[in-house]
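The values are calculated or read from the model by the stated rules, or taken from the named source; none is laboratory data. Everything numeric here is computed off the predicted structure, so don't read it as measured data. Positions of Cβ are generated from backbone atoms using ideal geometry, with glycine treated the same way; all protein chains shown enter the neighbour counts.
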Amino acid sequence: MDLDAYLARIGYAGTPRVDLETLGAIHRAHLLAIPYENLDVQLGRPGDVSLRHAFDKLVTARRGGWCYEMNGLLGWALNEIGFTVTRMAGAVGRTERGEISHGNHLVLRIDLDRPYIADVGFGDGTLEPVALVAGPMTVAGYDFRLEQLDADWWRFHNHALGGAPYFDFTQAPANDTALNTTCQWLRTSPDSIFTQFPIVQRHTPEGLVIILGRTLRRIRPGERTQALIGGADEFIDILTREFGLDVPEMRDLWPAVCAKHEALFGEKPD
């Protein structure tokens, strides 16, 4: 696990320092270079919340990842630079799902002049780290909000065109054993959204490009367009061209992707 290899992977050419400018630059570079994706879950491949796994997959194999891998790798890199990093357990959909949601997201707190939230693992979330202060914020043209729910819980509200509308988190350090238990449930359970269909998301200088099932979405501030992906060849081409992902094995899953998409969304998905 080599910091220079990670910085090369995300295209960061500066000299990293323990300051807000570096934090923001690395956060942006990571999101612009490495896509969020659940393709290994779709392919039934093993994985865990370890840093070694995240580095091997995202840096060495030049793949993307989901929250445990994306924020795990970012947290490791920031710690190597000298930042004070706390791994915190998040809960996407806690109001609707209750305790089963605890630990279904990993988020980072970075302590500088004040605490900041760094999160490259929410897929279509904020491009920049944000100060841990209750209230609204606008980042890259999208409106977000942080809300303190009570003495323990905070809520991050996603932008209006985002997928998951929010996640909750506490500031207590995450228990990696508990995170890994939830990670394995998300990887394998038929009730997990990640086993249902492909999810691939990437920030670009223009906005967001997203695959959900067989739908390709493009999001810019105040605007969302979408179209059905026509076939397996187009699907593989989009993965390569739009996301930089070389995963030809997904071609074999295309019939299942189409069948699941039609069962969930019909001919015209939301």
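Out of all the residues in segment 57-68, is one or more closer than 30 Å to Asp191 by Cβ, small (Gly, Ala, Ser) and in contact (Cβ under 8 Å) with a residue 60 or more places away in the chain? Checking segment 57-68: at least one residue is closer than 30 Å to Asp191 by Cβ, small (Gly, Ala, Ser) and in contact (Cβ under 8 Å) with a residue 60 or more places away in the chain.
For segment 53-61, the criterion of being assigned to a loop (DSSP other than H, G, I, E, B) and either crowded, with 22+ Cβ neighbours inside 10 Å or outside the structural domain of Asp252 (by TED's automatic domain parsing) (or both) is met by at least one residue.
If you go through segment 141-159 and keep only what is under 19 Å from Gly123 (Cα atoms) and out of contact with any strand residue (DSSP E or B) (no Cβ under 7 Å at 6 or more places or on another chain), you end up with Gly141, Tyr142. Counting only strands (runs of 3 or more DSSP E) that fall entirely inside segment 153-270 and contain at least 2 residues that are aromatic (Phe, Trp, Tyr) and buried (at least 17 other Cβ atoms within 10 Å of the Cβ), the qualifying elements are 153-157, 166-173. Going by the conditions given, is Asn79 among the polar types (S, T, N, Q), crowded, with 18+ Cβ neighbours inside 10 Å and outside any loop (DSSP other than H, G, I, E, B)? Against the criterion (among the polar types (S, T, N, Q), crowded, with 18+ Cβ neighbours inside 10 Å and outside any loop (DSSP other than H, G, I, E, B)), Asn79 does not qualify.
Of all residues assigned to segment 125-133, none qualifies as being over 24 Å from Thr22 (Cα atoms), at pLDDT 95 or above and among the polar types (S, T, N, Q).
Only one entry of Val130, Val85 meets the criterion of being buried (at least 17 other Cβ atoms within 10 Å of the Cβ) and over 25 Å from Val209 (Cβ atoms), and that entry is Val85.
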